[in-house]
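Some notes on the structure that comes next.
Nothing in this text is a laboratory measurement; each read-out follows from the coordinates by a stated rule. Everything quoted here is computed from the prediction, not taken from an experiment. Ideal geometry is used to build each Cβ from the backbone, glycine not excepted, and the neighbour counts take in all protein chains shown.
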Amino acid sequence: HPSVKVRTRTVGVIHNMSSDVGSIKIIRTGNAIKELVRMLAAPQVSICGSAAGAIQNMSREQASKQEIVEAGGVPPLLDLMFGSDVQSQVCAAGALLNLLGPQLESDPNTGIQTPFNLSQRRGLSRLVMLSVVTGMAFHGLYTDDAES
């Protein structure tokens, strides 16, 4: 829809609905995932944040997780990590952890954490922390005043 107000409210409703596990399947089968992924790059912060929040909630379901990755959801989520909106960063971080985190776990057959996965997990943790701190510093939420 061309109206920013309508898109903002629509993605907000989807974000709210996605907090209910039963609604996730309804949203997914309604083919909303591709549109949510597109909304991650919207110029309006409120649209990006709600889309990231909906994707974070939906990424708890395996079928949705696969569709989000196939729809190209990981790159725009990574972009949001370095954006200017802290809420969008937090939702993007949660979504990325839901999407990528299980791949970084120990081998299910042996229980052994492979060095490759361990380095990826550390890299993802550093990326999450770096982007959140950068966003906070950019918006003056983190200052040296805490030391005084």
Checklist outcome for this item: Phi-derived 3J(HN,Hα) across the range 8-17 with the Karplus relation (6.51, -1.76, 1.60, θ = phi - 60°), rounded Hz, x for Gly and Pro, is 4, 5, 5, 5, x, 5, 4, 4, 4, 4
Checklist entry - Excluding ILE24 itself, what net charge comes from residues whose Cβ is under 14 Å from its Cβ, given Lys and Arg +1 and Asp and Glu -1? => result +1
